[in-house]
Protein chains: 2
Amino acid sequence: MSNEKLTPISDLGEFGLIERLSARFTNHHASTLKGIGDDAAVLDVTGKQTVVTTDLLAEGVHFDLSYVPLKHLGYKAVVVNLSDIYAMNAKPKQILVSMALPGKFTVEAADELYEGIAHACAVYGVDIVGGDTTTSKSGLVISVTAIGEALPEELIYRNTAQVGDLICVSGDLGAAYLGLQILEREKMVWETDPSAEPEIESDYLVKRQLKPEARKDIIDFLGEIMLRPTSMMDLSDGLSSDILHICKQSNVGCLIDEARVPISEDAYNLAIKFNMDPITCALSGGEDYELLFTINPDDESKLIGEESITIIGEITAADQGKTLKTKGGNFHAIKAQGWKHF
Amino acid sequence: MSNEKLTPISDLGEFGLIERLSARFTNHHASTLKGIGDDAAVLDVTGKQTVVTTDLLAEGVHFDLSYVPLKHLGYKAVVVNLSDIYAMNAKPKQILVSMALPGKFTVEAADELYEGIAHACAVYGVDIVGGDTTTSKSGLVISVTAIGEALPEELIYRNTAQVGDLICVSGDLGAAYLGLQILEREKMVWETDPSAEPEIESDYLVKRQLKPEARKDIIDFLGEIMLRPTSMMDLSDGLSSDILHICKQSNVGCLIDEARVPISEDAYNLAIKFNMDPITCALSGGEDYELLFTINPDDESKLIGEESITIIGEITAADQGKTLKTKGGNFHAIKAQGWKHF
């Protein structure tokens, strides 16, 4: 953007900015009766249940604009919410996006952010039906609310895991966290010597951090093979924190086998290079947005040969505790590691 | 709170804080199938349409914590969203609340904010079904999403005003803006001389700024007398901005009679004391959260003797423009004054 003419947002004013930003959105869903432009959006979800979730991303806490491109940030702000809708086994349909933009923000910067938002809406087929755009005296804040639909019998909650169920995760874990380590190191290098050539060991890891995807493909696949998880959630805080939610809400314990936790080769190698324990990165890293779910053991055969889903342990009785079996054969209690923000 | 022991939020951690804050909420609506505690909330609105809106309040832009009590702030953050739902002639049922709390925030401060949120939920009978609580590197940010329900035929939009319709407002205008002037002056006085006695000319005006109400009562009343507005919205930016939305979306003009715009005695007197034009305060002040609506002239008789609703003008053909008739008998074009934030 360096050669372009940049426009202060005050040149457009509130209504001009809203008109400009909303011009790029068209509605796709029959259930979106009225989108942007009135006091509220109107949705028709006759016969289905509505699923709704919200997430707030704040500059300096969830992202660092010195290395996060605005387009990716807009994309990610949407995806992390859609991930919550998929984790209920529902289909996302609409989003609302509120933003507090710093005074230094230009119209072009707002455009770029919205381009990422629009791209996520296109990829996942959701309508943007409302929002609020204001200024911020300090950092950029993005708050997204996502709305989805499901038949009552389709919904999958966290409180329905049964003793003996197998614990599964999609994809691989720890990649987003290790991607963040690369970006943080590059920022430090750049601050010390702006002429240094950037060294990105793994595009895969960086992409997992900057532009995560919601696992719609996994939800679709489970539907195709008619495997209904007994409980499900998405991994945002890290496996060791998130599995405790299922255990607490289902009133069960768990036994997770460290050796089976899926870690990509890139993540493994980078953790070693950074003198980190790969398994700790995978268990506590967070932001992977993979699905964590439990299945009835009778369904195990349906997953044979399916590389995108890994069975990592099983649900035990509550009095067995929440336990990690290490590669060395030791047993440790699993402790929540989530939320380093406060 | 000065004598109490204050608790850093880090003592509780994310999950502890969420548990503490959500403990005060119980769900009332049959349509709230699942509230806080899973990836997303689940709602059942069978046979009705869903109405959804969101608003974001940022410290230093929308509020100043040096004189806004946290309890009132929580209350107001909810009310401004409910006002949007009522302005669709729908009934609010659920809200989601996301907050970015500054690092200096204590658990007791978060409690106070939530007390205001809970009070608004109790007064208006809405369930809190989700949210996100995180930290902020800078100011406090509150983002609320409200969800309501209505039968399709109940909804009232902005784009259905007809030429000849009468323009109505509820309550009186400019009070919230003048309340803000009192608070801003008191802040300046206090900064100059902390020992000075505060001088509050009107509790009414200050309350309109700090603790506004959504006009549920007006919606209920219009239902009782079976008066269905032809178009409706709430007044958040100020009459002179907001009427333009109805004109633009309905493709009509308007003629507003300055002499009929309702201004409270307190607002009038304070404007004069502050050397401000009372009518300018009423037209451009904003944050009144009164209802602006149009009615068929045949319905005028239903409003006889109703002091809480005032007819202030009429809808004209688009080519007549958007016009204000002053007390002196002159005619001026109405210009948007909204959004001083950028």
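Any read-out appearing in this document is the output of simple, stated calculations on the displayed coordinates, not a laboratory observation. Only a predicted model underlies this, so the values are computations on that prediction, with no experimental measurement involved. Backbone-built Cβ (ideal geometry, glycine too); neighbour counts: all protein chains shown.
Summarise the long-distance tail of P(r) for the protein assembly as shown by giving the % of C-alpha pairs beyond 36 Å.
Cα-Cα pairs of the protein assembly as shown separated by over 36 Å account for 43 percent.
What does the range A:248-307 give for Rg and for Dmax, in Å, if only its C-alpha atoms count?
14.4, 41
Is it possible to state the helix-based mean residue ellipticity at 222 nm for the protein assembly as shown, with each DSSP H run of 4+ residues giving -39500 (n - 2.57), the sum divided by total residues, to the nearest 500 deg cm²/dmol? What is it?
-10000 deg cm²/dmol
If the only charges are +1 at each Lys and Arg Cβ and -1 at each Asp and Glu Cβ, what is the size of the charge dipole of chain A around the Cα centre, to the nearest 20 debye?
Here chain A has a charge dipole of around 560 debye.
Using per-residue counts of other Cβ atoms within 10 Å, averaged over each peptide, order A:133-146, B:298-311, B:197-210 from highest down.
A:133-146, B:197-210, B:298-311
Across peptide B:120-132, what mean number of C-beta atoms from other chains lies inside 10 Å of a residue's C-beta?
Averaged over the peptide's residues, the number is 2.
I'd like the distance between the alpha-carbon centres of the range B:108-184 and the range B:244-259, rounded to an integer number of Å.
Between the Cα centres of the range B:108-184 and the range B:244-259 lies a distance of 24 Å.
Where does the range A:166-333 land on Rg/Rh, using Cα atoms and the Kirkwood Rh?
1.02
Given contacts defined as C-alpha pairs under 8 Å and at least six residues apart, what's the relative contact order of the range A:166-333, whole-number percent?
Computed value for the range A:166-333: 41 percent relative contact order.
Need one value for B:97-107: mean number of C-beta atoms belonging to other chains within 10 Å of its residues' C-beta atoms.
3
About the Cα centre of the protein assembly as shown, how large is the charge dipole given +1 on each Lys and Arg Cβ and -1 on each Asp and Glu Cβ? Please answer in debye to the nearest 20.
With only Lys, Arg, Asp and Glu charged at Cβ, the dipole is about 20 debye.
Using 32 Å as the Cα-Cα cut-off, could you pick out the over-long pairs in A:K71/A:K91; B:K302/B:K322; B:K76/B:K327? Present the calculation step by step, with values, prior to reporting the outcome.
Numbers: A:K71/A:K91 24 Å; B:K302/B:K322 26 Å; B:K76/B:K327 34 Å.
From A:K71/A:K91; B:K302/B:K322; B:K76/B:K327, over 32 Å: B:K76/B:K327.
May I ask you to work out the translational diffusion coefficient for chain B at 25 °C, viscosity 0.890 mPa s, via Stokes-Einstein with Rh from the Kirkwood sum over Cα pairs, reported in whole µm²/s?
Calculated translational D: 115 µm²/s.
To the nearest whole number, what is the average tally of beta carbon atoms from other chains within 10 Å of the beta carbons of peptide B:144-151?
4
Taking the Cα centre of the range B:258-342 as origin, work out the dipole magnitude from +1 charges on Lys and Arg Cβ and -1 charges on Asp and Glu Cβ, in debye rounded to 20.
With only Lys, Arg, Asp and Glu charged at Cβ, the dipole is about 480 debye.
Enumerate the calculated ³J(HN,Hα) couplings along the range A:233-247 in order (Karplus 6.51 cos²θ - 1.76 cosθ + 1.60, θ = phi - 60°), each rounded to whole Hz, writing x wherever the residue is Gly or Pro.
Values, residue by residue: 7, 9, 8, 10, 8, x, 3, 5, 7, 6, 4, 5, 5, 5, 4 Hz.
Please list, in chain and number order, the residues 5+ apart from B:I156 or on another chain whose amide H is under 5 Å from its amide H, with Hs placed from the backbone.
B:N89
At a threshold of 8 angstrom on Cα-Cα distance, excluding pairs fewer than six apart, so keeping six or more, what relative contact order does chain A reach in percent?
Dividing the mean separation by the residue count of chain A yields 21 percent.
For the protein assembly as shown, give the share of DSSP beta bridges that are antiparallel, in percent and rounded to the nearest 5; count only bridges with both residues there.
Roughly 75 percent of the beta bridges in the protein assembly as shown run antiparallel, per DSSP.
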